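J.: The structure's right below; bear with me while I get my questions together.
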């Protein structure tokens with residue numbers, strides 16, 4: 001989940017982009033990831049941009065459809081980074097990406113923990129720090145039951 005937040009706040013984060021590319025599963029296997037990475041390097045663009053341009057990068061079939069869906073989802077969520085309150089944003093990302101649905105379908109411990117730390121529960125908190133609309137680089141971290149969000153330059 002944190003990788004999604006990082007990519008949305010900073011599309012240049014290649015490590016996080018690689019983590020989310022096939023989570024939940026969308027048919028983008030190791031070969032397709034390698035093709036995206038190689039294309040990004042040759043064309044001097046970010047891995048996120050390679051996802052956005054998956055057809056140019058040589059993806060086809062299920063991998064192409066998966067990359068296009070991911071690109072569309074990220075494009076819809078990215079403008080909300082600075083407009084939606086952090087707790088609601090995290091829930092929105094979990095829902096729209098299919099991440100939470102996959103955890104629930106797998107009956108994972110993470111899904112059990114997420115229900116205790118959902119934005120609607122008392123255990124889930126986000127900071128009340130304000131930030132300017134031009135600020136797009138938030139710091140996110142998680143303690144056992146608390147999500148914390150601070151804007152750049154704020155004290156934490």
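J.: Give me the distance in nm between label points sitting 7 Å out from Cα along the Cα-to-Cβ direction at residue 95 and residue 43, one decimal.
T.: Inter-label distance under the simple model: 3.3 nm.
J.: Can you tell me how much longer the chain between residue 30 and residue 104 gets when fully stretched, taken as 0.36 nm per residue apart minus their C-alpha distance, in nm with one decimal?
T.: Difference between extended and current length: 24.2 nm.
J.: For q values of 0.13, 0.21 Å⁻¹, compute log₁₀ I(q)/I(0) with the Debye formula on a Cα-only model of the range 2-79, without solvent.
T.: Here the Debye-derived log intensity ratios amount to -0.31, -0.85.
J.: Where does each of 73, 97, 31 land when they are ranked from fewest to most other beta-carbon atoms within 10 angstrom? Walk me through the numbers on the way to the answer.
T.: Values: 73 18, 97 22, 31 10.
Ascending Cβ contact count within 10 Å gives the list 31, 73, 97.
J.: Please arrange 44, 35 by counting, for each residue, the other beta carbons lying within 10 Å of its beta carbon, fewest first.
T.: On the way: 44 7, 35 19.
Starting with the residue having the fewest Cβ neighbours, the order is 44, 35.
J.: Can you give me the distance in nm between label points at residue 76 and residue 19, each placed 7 Å from the Cα along the Cα-to-Cβ direction?
T.: Here the answer is 2.3 nm between the modelled labels.
Only the coordinates and a few stated rules stand behind these numbers; no lab work does. Just so it is clear, the structure is predicted and the values come from calculations on it, not from any experiment. Cβ sites come from the backbone with ideal geometry, for glycine too, and all protein chains shown count toward neighbours.
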